[in-house]
Amino acid sequence: MDMADNDMAGIINEQAQRLFEGTVTRDQLTAADNGDFQATLWAQVGEAGLPLALLLEEAGGIALDPVQAFELIRSAAYYAVPLPLGETMLVAALLNEASEGPASLAHGQAGQASRVPYGQACSRVLVENNNGWRVFERDQITGEAGRNLAGEPRDALHLQGDGRSVERPQWLGDEGLAAVGALLRAVQMSGAMRRALDLGVAHATERKQFGRPIAAFQAVQHMLADAAVQVASASAIADNAAQAWGKEDFVVRAALAKVRTGEAASLVARVTHQVHAAMGITQEHSLHFYTRRLWSWRDEFGSDAYWAEWIGQAVCKRGGAALWPSLVAATS
Amino acid sequence: MGTFDFQNVVLPAAAEQARHDIRAFLQAELDAGRFKPHRCSWTSFDRDFSRRLGEAGFIGVTWPERYGGKDASTLTRLVITEELLAAGSPCGAHWIADRQSGPQILRHGSQRARDEILPRIARGECFFGIGMSEPNAGSDLAAVRTKASKVDGGWRIDGQKIWTTNAHQVTYMIVLARTGDAGPDRHGGLTQFIVALDSDGIDVRGISDMAGNHEFNEVFFDNCFVPDDMMVGNEGEGWTMVTGELAFERSGPDRFLSDYQLLATLVDEIGPEPDRGQAQAIGRMVAQLASLRRMSVSVAGLLDKGEQPTVQAALVKEMGTTFEQSLPEIARTIAPTEPTLLSDDRYVGALAETVLRAPSFSLRGGTREILKSMIARGLGLR
Ligand SMILES: Cc1cc2nc3c(=O)[nH]c(=O)nc-3n(C[C@H](O)[C@H](O)[C@H](O)COP(=O)(O)OP(=O)(O)OC[C@H]3O[C@@H](n4cnc5c(N)ncnc54)[C@H](O)[C@@H]3O)c2cc1C
């Protein structure tokens, strides 16, 4: 990345933040919760070029550095943007081709794919099965609506025909789309938990009890400090994996990221609800837009337990002496 | 938001070269049977090991050559320290001098202190202790009462320090003493002095810890003379210096790798076919360690640029010591044994050592509660 690229990334990121902050309203989030696809917002996000962030320039993309591209996904999660922005961005990069509309990724078998993020709203779905990758377009997709805890579409799709066969990149190893999705959700969790923490800090300084802001109580300060530690750790490990997009050790880094951010998500959600108390569990307060996402995302594309087992198996197979050098390699 | 930024730092080629070199040095030490990895950590005092390390050029590497250093970056030092810790080497003798006393002297010491002391630290011949805590000044460090009074050509120190690690076997300690009025913020009137432990008027009394080790001490000062040029910085600047030192003290790999050998031996104890619970527990610990390493390298990058990332350092120490303390608890859950210091088994020995050391992880260098309060301040809560 030279200076100009860095500036470019900065500009896009700033634009994206402004867009999210200015346009993602409570009403939109609530409407999305009820199953309405936010088409206007999607159009705005598309106009800003965000789904093209990771796509190569010769394919019509912006080709940001992966860490910067994933930063956009983190920002979107910070505002709970109710769109498959990350999915679309990653599918475009993996296929080296932009899609007309939203795109998604999933595992599928025998013409079926379950719990596909925003599946029914998508113009393209990248499906992984035992034989490889296949791409299905709008007219080959029908389905039934499903939801995660945050109300995000996780649809059951029927896929007509064989789809178009595409090559599965080597760097995704045996794990394939599971690893891609794991990092996507890890990065999103790092963004959503940052927002939950910010809400917690704001609430603690505003809410008064016993004649002073609850932030004055050390018990409250220390809870939020615990959450801050987790937020910092989650961002660091997610960046560690984003940086390896397209590289040999991507899968292990994505696994590390999903484990750590999943654990962190649980703690941050618990703490921020404790700080908000009753107000925090109401529809009216916006905390739940973030915590319900955290509780969903931590279990999607393999839970922290799933990936922890995967890492643990690999570590034990190689033995204690190999652990340190491989840890250094996976975090450099 | 700046508080939580842990930017990626790419280690320069020189740092990776240092990793190669220190690994070769450690392998040679191991091959010669000079230390037992599962029994050591940065609190193991072995002056011969430190001397060999110094001779090989691995101490004080960030200092200028004229003081025995190599003008290397903070990142090179980080690589050396993390490799020393991961290998379970007995690197405790020179640890404090290399980590904080030396850098303090380099920045704030007199010319004589730099010329006379730094090269000896770098050679692994001269070790340091930290004289901050007192019986009535623990977390509340500003309450120190040890007094330094001006006399002809220097200062006279009277008072008492406690918990001074290695005071019975180091050459010098840096003493934080009261030289004037505390002022309204209680942080004024404190000054640091380099005190040679063989000076007249010093009495060191050992304190045994619960593991039966003699690591820390009480140190009594009775009319102990310190020459003017052994003052560190200016009179009254002690507080600023002590707090400035903390980012170095808190963010390093010694805050999450003290018991790394327990993790390594645990993996071998479990063997290549872990059950589900064992694999998950190992995977979680490795993921925590991975994020800690990432954060620690990032803080080193900021220190290298001359910044003072105090809150980031507190975040690393808090997460690191929590991780270190959880390790023996998880180990005993997934690979049960009855720990004993008398065992020759590597895993059992490492577990026994760690169980007994673990409580200190979240005490020394600032307690968990103090760190959380610093983080809360960084969040704008206080
Ligand atoms: C192994 C070891 C080695 C050490 N080596 C050295 C050394 O070489 N040199 C040196 O100077 N010191 C050394 N120390 C001392 C260490 O710095 C102190 O133990 C530490 O600062 C805490 O002080 P204290 O033990 O007096 O505990 P106290 O300050 O009395 O604290 C007792 C408890 O109260 C809590 N507490 C205190 N104040 C607050 C507050 N404001 N808010 C919330 N909770 C609070 C603490 O967190 C702790 O849980 C060492 C300690 C250990 C354990």
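Does segment A:86-236 come out rounded, prolate or oblate, given a ≥ b ≥ c as the square roots of the eigenvalues of its C-alpha gyration tensor, rounded meaning a/c under 1.5 and, failing that, prolate meaning a/b above b/c? Write down the numbers at each step before the final one.
Values: a/c = 3.56, a/b = 2.44, b/c = 1.46.
Note, shape of segment A:86-236 comes out prolate.
With no solvent and one equal point scatterer placed on each C-alpha of segment B:1-138, evaluate the Debye formula and give log10 I(q)/I(0) for q = 0.11, 0.20 Å⁻¹, two decimals. The Debye formula, applied to the Cα set alone, gives -0.44, -1.18. Dividing the summed -39500 (n - 2.57) terms of all DSSP H runs of n ≥ 4 by the residue count of chain A sets its mean residue ellipticity at 222 nm at -18500 deg cm²/dmol. Dipole orientation for the protein assembly as shown: of the candidates A:GLN209, B:THR354, B:HIS168, A:GLN209 has the Cα lying most toward the positive pole (charges on Cβ; Lys, Arg +1; Asp, Glu -1).
Each Cα pair under 8 Å and six or more residues apart adds its sequence gap; the mean of these over the residue count of segment A:99-168 is a relative contact order of 33 percent.
Largest mean-square fluctuation among A:ALA16, A:ALA215, A:ALA321, in a Gaussian network model of chain A whose springs join Cα atoms under 10 Å apart, belongs to A:ALA321.
Relative contact order of chain A: what whole-number percent is it, with Cα pairs under 8 angstrom and at least 6 residues apart?
Across chain A, relative contact order equals 15 percent.
Rolled with a 1.4 Å probe across the full set of protein chains, the surface gives B:ASP228 an accessible area near 70 Å².
Give the A-B buried accessible area in Å², both sides summed, 1.4 Å probe, nearest 100. Each step should come with its number before you reach the end.
Values: alone 14860 and 16820 Å², together 27610 Å².
For A against B, buried area totals roughly 4100 Å².
Taking segment A:271-332, which GluC sites (Glu not before Pro) meet the DSSP loop condition and have no more than 16 other C-beta atoms within 10 Å? Answer in residue order: A:GLU284.
Protein heavy-atom accessible surface, 1.4 Å probe, per residue over segment A:1-95: 42 Å².
Result for chain A in a Gaussian network model with C-alpha springs under 10 Å: among A:ALA103, A:ALA216, A:ALA48, the largest mean-square fluctuation is at A:ALA216.
For segment A:154-226, which GluC sites (Glu not before Pro) pass both filters: DSSP loop (anything but H, G, I, E, B) and at most 11 other C-beta atoms within 10 Å?
Details: sites: A:GLU167, A:GLU175, A:GLU206; in loops: A:GLU167, A:GLU175.
Here the sparse-neighbourhood loop sites are A:GLU167.
Based on protein heavy atoms only, chain B ends up with 39 Å² per residue of surface accessible to a 1.4 Å probe.
Averaged over its residues, segment A:172-330 has an accessible area of 32 Å² per residue, based on protein heavy atoms and a 1.4 Å probe.
What ranking of B:ARG377, B:ARG66 comes out by heavy-atom accessible area, probe 1.4 Å, highest first?
Per-residue accessible area, sorted high to low, gives B:ARG66, B:ARG377.
Got a sec? Which residues of segment A:232-262 lose 10 Å² or more of accessible surface with every protein chain in place, vs. that chain alone, 1.4 Å probe? By number: A:ALA232, A:SER233, A:ALA236, A:ILE237, A:ASP239, A:ASN240, A:GLN243, A:LEU256, A:VAL259, A:ARG260. Within segment A:227-258, name every residue whose backbone N is under 17 Å away from a label modeled 7 Å from Cα of A:GLU167 along the Cβ vector. Those under the cut-off are A:246-248. The charge dipole of the protein assembly as shown, taken about its Cα centre with unit charges on the Cβ of Lys, Arg, Asp and Glu (plus for the first two, minus for the last two), comes to roughly 1140 debye.
For a paramagnetic label modelled on A:ALA322 (point 7 Å from Cα along Cα→Cβ), amide N atoms under 14 Å away belong, within segment B:240-283, to B:267-268, B:271-274. Of the solvent-accessible surface of the protein assembly as shown, computed with a 1.4 Å probe over protein heavy atoms with every protein chain present, carbon and sulfur atoms account for 49 percent. Using a probe of 1.4 Å on the protein chains alone, the accessible area found for A:HIS285 is around 40 Å². With contacts taken as Cα pairs under 8 Å at a separation of at least 6 residues, chain B carries a relative contact order of 16 percent. For segment A:99-168, a crude dipole built from +1 on the beta carbon of Lys and Arg and -1 on the beta carbon of Asp and Glu, taken about the Cα centre, is about 140 debye to the nearest 20. Among B:ALA122, B:ALA167, B:ALA196, the residue with the largest mean-square fluctuation in a Gaussian network model of chain B, with springs joining Cα atoms closer than 10 Å, is B:ALA196.
Evaluated over the protein assembly as shown, the count of Lys pairs having alpha-carbon atoms less than 19 Å apart is 4 (only pairs 8 or more residues apart or interchain). The heavy atoms of A:SER165 offer some 80 square angstrom of accessible surface to a 1.4 angstrom probe. Shown for segment B:342-382: residues covered by the partner protein chains by 50 Å² or more of accessible area relative to the chain by itself (probe radius 1.4 Å), namely B:LYS372, B:LEU379, B:LEU381. Could you sort the residues of segment B:283-324 by number and keep only those whose accessible area is reduced by 30 Å² or more in the all-protein-chain setting relative to the chain alone, 1.4 Å probe? Residues losing area: B:GLY283, B:ARG284, B:VAL286, B:ALA287, B:GLN288, B:ALA290, B:SER291, B:ARG293, B:ARG294, B:MET295, B:LEU315, B:MET319.
Placing unit charges on each Cβ (+1 for Lys and Arg, -1 for Asp and Glu) gives the protein assembly as shown a dipole about its Cα centre, and among B:GLY129, A:GLY143, A:GLY319 the Cα reaching farthest toward its positive end belongs to B:GLY129. Can you list which of the chymotrypsin sites (Phe, Trp or Tyr not before Pro) found in segment A:203-288 are DSSP loop residues with at most 12 other C-beta atoms within 10 Å? Qualifying residues, ordered by number: A:PHE210.
The values are calculated or read from the model by the stated rules, or taken from the named source; none is laboratory data. Not measured: the values here are computed from a predicted model. All Cβ positions, glycine included, derive from the backbone under ideal geometry; neighbour counts span all protein chains shown. SASA here: full protein model, heavy atoms, side chains in, ligands and nucleic acids out. Shrake-Rupley method; radii C 1.70, N 1.55, O 1.52, S 1.80 Å.
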